[in-house]
1. Do you know which residues across the range 86-145 are modelled with pLDDT of 75 or more, outside any helix (DSSP H, G or I) and basic (Lys, Arg)?
2. Among the residues of the range 68-88, is there at least one that is on the phi > 0 side of the Ramachandran plot and surrounded by fewer than 10 Cβ atoms within 10 Å (Cβ to Cβ)?
3. Condition first: at pLDDT below 95, among the hydrophobic types (A, V, I, L, M, F, W, C), within 52 Å of the chain's Cα centre (by Cα) and not in a helix (DSSP H, G or I). Can you find one or more residues in the range 55-74 that meet it?
4. Among the residues of the range 12-51, write down those that are open to solvent by 100 Å² or more (accessible area, probe 1.4 Å) and part of a loop (DSSP other than H, G, I, E, B).
Amino acid sequence: MDTHSSKMNPRGEKPKSKITASRKLSLKMLLLTRACEDLEKERQDREEEKDRYIGEKLPPLQLHGLSLDDLKALCRQLHEKIDIVDEERYDCEYKVGKHNKDIHELKLKVQDLGGKFKKPALRKVRVSADEMMRALLGSKHKGSMDLRANLKSVKKEDVKQDKVLTSEVGDWRKNVEAMSGMEGRKKMFDTGGAGQ
C-alpha cells in the first residue's frame, strides 16, 4: 500500500482534502455567525449583571413627599456611599495594577528559565584598534594605537656592521679595546692590578 501511495504522490505532498471550497466557506460563515451570536449574548449578560448589581447597591430613590431636612440627609447618605465606592474602586485598580506587574515579572522569569529569549543576530564589523579604544574609553582615549610608530628605527648600514662584527672570529684580547671602547681604562686596570 505504501508503494501505491508513493506512486500517486511522489513528492510526499499532503493529500487533498475531501471538503470542497464552497463547503469550507459555508462552515466558516456558520462559525462566524455563531461567534457573533455568542459575543452579543455575552454583552447582554454583562449588561444585565451590571443592572442587577446597581439595583442591589442603589435602590430607586423616593423623592416625592420628602421634607428639606429629609432631602439633605438623603444627600449625605448618597455622598457617604459614593466615597465608599470610590475607595473600593481605587483599591481594586491598585490590586489589578499590582497583579499585572507581578504577571509581567513572572513571564520574564519564565522566559529566562526556559531559555526562550532570542538573541539578536550579530553582524561582523571590522573595527580598527583606535576606534575600539575610543568606543571603550570615550574621550579619555588620546594616543593612537599605531603599534609601528613606537618601534625603534634601524638603518641598513648599522645592520651590516653588526653582521661584520659578529662574523669576525679571532683572539678576543686583541679586539677588547676596539669593541668595548675602554682604550685608556684598560691600561689603568693593568697598572692598578699590577701594583697590588
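1. ARG123, LYS124, ARG126
2. Of all residues in the range 68-88, those on the phi > 0 side of the Ramachandran plot come to none.
Among the residues of the range 68-88, not one is on the phi > 0 side of the Ramachandran plot and surrounded by fewer than 10 Cβ atoms within 10 Å (Cβ to Cβ), which makes the answer no.
3. Yes, some residue in the range 55-74 is at pLDDT below 95, among the hydrophobic types (A, V, I, L, M, F, W, C), within 52 Å of the chain's Cα centre (by Cα) and not in a helix (DSSP H, G or I).
4. Correct list: GLU13, LYS14, PRO15, LYS16, LYS18.
The values are calculated or read from the model by the stated rules, or taken from the named source; none is laboratory data. Quantities reported herein were computed from a predicted structural model and do not represent experimental measurements. Note: ideal-geometry Cβ built from the backbone for every residue, glycine included; neighbour counts use all protein chains shown. When the accessible area is computed, the model is the full protein with side chains, heavy atoms only, and any ligands, DNA or RNA have been set aside. Shrake-Rupley method; radii C 1.70, N 1.55, O 1.52, S 1.80 Å.
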